[in-house]
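Below is one structure, written out as structure tokens; the observations come after it.
The values are calculated or read from the model by the stated rules, or taken from the named source; none is laboratory data. Predicted model, so just to flag it, every value in this text is computed and none were measured. Methodologically, a virtual Cβ is constructed for each residue, glycine included, from the backbone with ideal geometry; neighbour enumeration extends over all protein chains shown. These area figures cover heavy atoms from the full protein model, side chains too; ligands, DNA and RNA do not enter into them. Shrake-Rupley method; radii C 1.70, N 1.55, O 1.52, S 1.80 Å.
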Amino acid sequence: MEVSTIIRYIQLLILGSFGIGLQAAEVIDLRMWRAPDHTRLVLDLSDSVEYSSFLLEDPHRLVVDIKSSFTYLSFNGLDFTDSSISGIRSGVRNGDSLRIVFDLTSAVVPNAFSLAPNSEFGERLVLDLYDKTGSPQSQSAEPPATRVETGARRDIVIAISAGHGGEDPGSIGYDGRIKEKNITLAISQALYECLEKLPGYKPVMIREGDYYVELKRRPEIARRNRADLFIAIHADWYRNSRARGVTVYALSGDRADRENSARVAEKENSSDLLGGVGGDLALGELDDDVALTLVSLQMAWSMEQSLIAGTSILDSLAGVTRIRKNKVQHASLQVLNSPDIPSILIETGYLTNPEEALRLSNRNFQERMALAIADGVTSYFYEAPPVGTLVAWHKENGVIPKSLTVKRGDTLSEIAEQFGLTVTELKSINGLQGNTIQIGQVLELPGNDSPLTSEHKIQRGETLSEIAQFYRVSLADLRAANNLRGDRILIGQKLIIPPVR
Ligand SMILES: [Zn+2]
């Protein structure tokens with residue numbers, strides 16, 4: 001036992017002898033995150049507590065009273081950079097209550113709530129201090145962001161929601177160290193970079209750093225940005241290390257897959273997928289029947305689109321990773337959470353599976369996965385582009401994407417027809433001899449100067465077969481894609497990684 005622990009123990013005994021300590025909760029730690037619009041403080045507690053809070057002005061302070069509790073924490077020396085806090089003080093109140101005073105640099109809108117223990121943390125008291133200018137109240141009153149116009153043709157907006165963040169680590173990897181929140185952010189950022197480069201697309205990040213965004217606010221942010229599609233990125237967890245593969249969930253009212261929907265709802269609290277009531281519709285002003293009809297029409301459309309988009313993305317992902325479920329899964333919703341944006345959730349793989357966890361932690365693989373998701377997104381939108389978008393204009397005017405990934409059921413003649421080419425033209429552009437194409441194969445289209453491939457820069461100690469194994473491609477395919485005869489490779493050399501067959 002360390003000295004500090006012994007002292008603590010003695011102090012507890014003393015507190016106990018005064019008849020106040022046995023149920024006293026200790027504030028063990030204080031953690032802090034800064035998000036663009038709020039500061040989150042988390043108090044780690046040894047037990048659940050009763051608390052109350054109030055604001056004071058001149059100067060601005062937030063006072064939190066926690067019943068029957070104490071702390072040995074020193075709040076000196078904390079870094080309050082960028083936050084609305086300038087200092088924290090604590091003291092005993094009414095004999096057994098703890099009062100914590102937060103000195104503030106400006107007015108805030110506080111939101112306090114407690115969190116039950118999870119796999120990593122015990123009881124917690126969370127204090128979200130929303131900046132007065134960026135509080136949830138004032139944000140919902142903001143006019144919706146205007147769309148980015150390209151001439152008269154707008155961009156298609158994709159909202160990317162990196163799961164979890166800050167206080168909420170999400171799933172923990174097989175090694176006890178890999179955290180889902182970091183994986184989801186990395187893949188989301190890679191997806192952002194892919195989409196940003198594409199003409200006609202504007203990605204929007206729901207969270208940009210290691211902080212938490214409340215589930216119900218995520219679709220709100222998407223809606224404010226007039227998103228055409230909402231993509232939530234997650235990584236999975238299972239009690240054994242064998243579970244593996246990607247699963248794509250689509251927003252749906254269908255209860256056919258109860259097991260999965262209940263599971264994802266429990267684990268991800270699937271409101272990530274739920275649009276929340278409202279959007280631009282002021283339902284309160286409408287007759288009940290009309291309101292219900294409008295909501296169901298909107299929902300029916302969003303669900304159908306979610307399924308089509310999800311299928312397109314799943315088909316693209318089949319070219320880079322293992323698929324757990326061959327079809328898009330349904331995540332059912334509570335009826336009143338009416339979605340107005342087609343929404344999908346991608347479980348990118350299992351962090352409890354060492355092989356998948358290592359791949360998902362690797363920058364090259366994250367980019368490869370992001371590329372496949374982006375490819376699924378663009379094929380979905382090219383199929384039926386929203387009216388008034390640059391992509392719709394491209395399609396009408398025969399401007400075609402630079403490449404496409406072969407999906408299940410595709411044939412050369414169908415692809416050629418879709419892009420106004422003859423089969424012979426398509427074959428000659430791609431140097432194809434026969435008429436066979438593989439799922440995941442990338443076909444170049446006319447005007448293409450940067451085919452959709454991913455690269456791997458060789459590090460010290462890597463071998464060709466290890467690299468092939470890592471990306472799940474065959475050694476022969478890897479050699480062929482790089483015109484290699486033997487297994488000789490050089491550090492720093494860049495390899496083209498072909499799609500998985
Ligand atoms: Zn998750």
Quick calc, the range 400-444, dipole around Cα centre from Cβ unit charges on Lys, Arg (+) and Asp, Glu (-), nearest 20 debye, gives 140 debye
In debye to the nearest 20, how big a dipole does the range 198-251 give about its Cα centre with +1 on each Lys and Arg Cβ and -1 on each Asp and Glu Cβ?
120 debye
Order of exposure, largest accessible area first, which applies to Lys457, Lys395 with probe 1.4 Å:
Lys457, Lys395
Using 0.36 nm times the number of residues separating Arg31 and Ser86, minus their current alpha carbon distance, what extension gain do you get?
18.3 nm
Could you sort out which of Lys325/Lys457; Lys181/Lys395; Lys179/Lys327; Lys132/Lys181 sit more than 29 Å apart by Cα distance in this structure?
Lys325/Lys457; Lys181/Lys395
Give me the extension gain from Val423 to Ala112: residue separation times 0.36 nm, minus the current Cα-Cα distance, reported in nm with one decimal.
105.7 nm
For Lys132 and Glu355, extending 7 Å from Cα along the Cα-Cβ vector and measuring point to point gives, in nm, a value of 5.8 nm
If Thr389, Thr411, Thr81 are ordered by their accessible area, calculated over protein heavy atoms with a 1.4 Å probe, which sequence runs from highest to lowest?
Thr81, Thr411, Thr389
Per 10 Å bin, what percent of the C-alpha pairs of the range 59-105 does each bin hold, from zero upward?
27, 49, 22, 1
Classify the range 454-497 as rounded, prolate or oblate from the Cα gyration tensor: take a ≥ b ≥ c as the square roots of its eigenvalues, call it rounded if a/c is under 1.5, otherwise prolate when a/b beats b/c and oblate if not.
rounded
With the crude spin-label approximation of a point 7 Å out along Cα→Cβ, what separation in nm comes out for Arg153 versus Asn76?
6.5 nm
R0 = 25 Å: FRET efficiency of Asp175 with Arg408, Cβ-based, nearest 0.05?
0.10
With r as the distance between the Cβ atoms of Trp301 and Glu193 and R0 = 35 Å, compute the FRET efficiency 1/(1 + (r/R0)^6) and round to 0.05.
0.70
What the Cα atoms of the range 400-444 span along the principal axes, largest first and in whole Å, is 23, 21, 16
Net charge dipole size for the range 454-497 [Lys, Arg +1 and Asp, Glu -1 on Cβ; Debye, nearest 20]
120 debye
Between Ile496 and Asn94, the FRET efficiency computed from the C-beta separation at R0 = 51 Å comes out, to the nearest 0.05, as 0.15
Can you list the residues, at least 5 places off or on another chain, whose amide H is less than 5 Å from the amide H of Gly87, using H built in the peptide plane?
Asp103
Given the Cα-Cα distance of Asp58 and Gln438 and 0.36 nm per residue of separation, how much length would full extension add, in nm?
129.9 nm
